[in-house]
Structures are given as C-alpha cells and as structure tokens.
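*Asks:* Quick one: structure below, then a few questions.
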Amino acid sequence: MPSLPRLLLHLLFAFSLALAAIGAAMVARGRIGGWPAFAFFGMTAAVLADQLWPSLLRPGAVAVEDLLRRFPQTVELKAGRLRLGLSLVACAVFFGVCHSLLQRGDAGWLITLALWLGAILFGLAVPLFVVLILRGASLRLAADGFVVRHGWRSHAVPWQAAGRFSVQPVPRGLGALVVYDDARLDSRAAGDAAGPVGRRAALPDSYGLEPEDLARLLNGWRELALASAS
C-alpha cells in the first residue's frame, strides 16, 4: 500500500484528470472558461504523473554497472530536455491561466493577490526553463571529481571533499533528491544548505536515472576514484 503522501499524489492526479475532462467537455460545448480549466488541470495532471512515474520521461537509461566500467574515462550525464520542456509548458500554462483570470477582474482582493503572485512566479520561471533547455544541465564524472552544470551555473566537487551519497525524499512526498556532505563547506554554510533534507548539498536533477541508481553510481565512482588516488 502506498504511503500517505504518495496516495495523496494519486488522489490529486485522479482529481486533476477529472477536472481536465470537465474542462474538455466545457470546450466542446463552447462554455466560457473551458480552455483555462482544461489547460490548467491537464498540465497539473501531467506534472503529477511525472512525480508518480518519473521513468516515463527517462527512457533508455544506461545501467549503473556499464557506467562504472568506464572509469577513469570522463562520463557526462545530461538532464532530459523532455522533462524540462514539460516544466516550461506547465509554467507557461499556469501563467496564462493566472493572467486570464486577472483580466476578468471579478475576484476578491485575496484571490487577486494570489493570482498576481502566481503570474509573477510562473512568468519568471518561463525564461529560466528556456535557458535550461538551450544551455542544458549535466553531471560530469571524472577521476578527480564531478562537475554539476545547471544552466549558466556550474561547480566542481573533488571526490575527497564529497561524503557518501544517499537518497532523501523531498518533504510532502514530492519526489526525492540525491544528497551528500561537502567537507569544504563551513559549519554555518552547512547549516544554511542543509534545510529540509538535512545534508550539506544536493544534486538538482537525477540526469536520466532513478535517484537510487544515481546515488549508487556516485558512491561506486567515488570509491574507485579514492582507491586509485591512494
């Protein structure tokens, strides 16, 4: 039986699908508000589906053992552009829905404030995902360390500074992160960076692998690198 957060995701997914179907029926009958409802709840269902079944957007993943056999050659894992594209479309749809409802001007001040915040948030997210799609996001594994590139930002971590990698569920059941300790961070930075996952650092993506497989790959690569350096 799924845990409560995952069960809640299933319920929200079914609820979003039902509301998207209602929106589609409204569109077919020419009702006002059908397109915003269909777009909003349709994209909500798509985002929830990605959370529930992430392998749908990660076809053809390479086995961890095959990647480990490439050591000490450099290996680069890239974030799936399909998933980034889904996030881009979702933000664009949510921005459009917020903007459309604001144009009507018949909501109370509290709802209007929420719509403005939503429009600003999703509006700013659209160019961010465009940059990520164009520039890409990747994880490069080498004999001396790994490099994380995320859009215009990148940082390198030597294996000697990286602690053991593990999988940490995100609060409220919204996926999971691969986390680790970075020995180069001081105690204050570590406290600030740990946040809800309780570790000093986390990878922003799983780069076409399941989080558990990515953690296994990084731990195996780290052990090989440390053994070869000793």
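No value in this document is a laboratory result; all are computed from the given coordinates. What you are looking at is a predicted structure, and each value in this text was computed from that prediction instead of being measured. Neighbour counts are summed over all protein chains in view; Cβ atoms, including those assigned to glycine, are modelled from backbone coordinates with ideal geometry.
*Asks:* With only alpha-carbon pairs counted, each pair once and no self-pairs, how large is the Kirkwood hydrodynamic radius of region 80-135 in angstroms? Please list the in-between numbers first.
*Replies:* Values: mean 1/r = 0.0849 Å⁻¹.
Its Kirkwood hydrodynamic radius stands at 11.8 Å.
*Asks:* Using unit Cβ charges (K, R positive; D, E negative) and no other charged atoms, how large, in debye to the nearest 20, is the dipole of region 78-149 about its Cα centre?
*Replies:* For this selection, approximately 340 debye.
*Asks:* Between Arg70 and Ala202, what length comes free when the chain is fully extended (0.36 nm per residue of separation minus the Cα-Cα distance, one decimal in nm)?
*Replies:* 45.1 nm
*Asks:* Quickly work out the Leu82-to-Ala161 label distance, labels modelled 7 Å from Cα along the C-beta direction, and quote it in nm with one decimal.
*Replies:* In this crude label model, Ala161 to Leu82 measures out at 3.5 nm.
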